[in-house]
Amino acid sequence: MRQHLTSITVRTVGQNLYEFTDQITRWTSGTGIRRGLLTVFVRHTSASLLIQENADPDVRRDLLAFLRRLIPEGDPLYIHTLEGPDDMPAHVKAALTSTSLSIPVEDGLPVLGTWQGVYLFEHRQSPHTRKVALHLIGE
């Protein structure tokens, strides 16, 4: 068994889904590992990861709209408001989604469906630089 570890940066400009499948694919294929398991982990508490359809942008718009309706900003329920009205809702969204993904690797590539993409889900309004750790183990 061999393993590789790296970190990639995803720059965001506000609440949205940011696809970075190509970065993952390039790195994975460059490791020389042909078969294994890729772990993708976001190192933040107000962003998350998602595997979702990458063909129709309406899917991303609908996901954003759904989470905004489900977890509104400015809800009087929130006590943690020091970092702004979008911070606590961002933490709730991250708690309900995923901070890590496990993706099989075969023939040196992530095993994803035809229309699947890997996204960083930015839950804050302002721009951020997000760090994502990639760990690949295999042979």
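Just so it is clear, none of the values below were taken in a lab; they were calculated from the coordinates. Computed from a prediction, not measured in an experiment: that's the story for all the values here. Because the Cβ atoms are built from the backbone with ideal geometry, glycine has one as well, and the counts that use them run over all protein chains shown.
Side notes on the structure shown:
- Among the GluC sites (Glu not before Pro) in the range 1-97, those placed in a DSSP loop whose Cβ has at most 16 other Cβ atoms within 10 Å are Glu73, Glu83.
- Burial ordering of Val105, Val42, fewest other beta-carbon atoms within 10 Å first: Val105, Val42
- Quotient of Cα Rg and 2.2 N^0.38 Å for the range 58-130, N being how many residues it contains: 1.37
- Amide H contacts under 5 Å for Val105, placed H, 5+ residues apart: Gly36, Leu37, Leu38, Val111
- Contour minus Cα-Cα distance for Leu37 and Glu106 (0.36 nm per residue): 24.0 nm
- Only Cα pairs under 8 Å and 6+ residues apart enter the sum, and on that basis the relative contact order of the chain stands at 56 percent.
- Hull volume per residue, based on the alpha-carbon atoms of the chain and their convex hull, is 98 Å³.
- Computed [θ] at 222 nm, helices only, for the chain once each DSSP H run of length n ≥ 4 contributes -39500 (n - 2.57): -7500 deg cm²/dmol
- Among Phe20, Phe121, the order by Cβ neighbours within 10 angstrom, fewest to most, reads Phe20, Phe121.
- Exposure proxy order (Cβ contacts within 10 Å, fewest to most) of Tyr119, Tyr18: Tyr18, Tyr119
- Taking the Cα centre of the range 2-138 as origin and assigning +1 to Lys and Arg Cβ atoms and -1 to Asp and Glu Cβ atoms, the resulting dipole is close to 480 debye.
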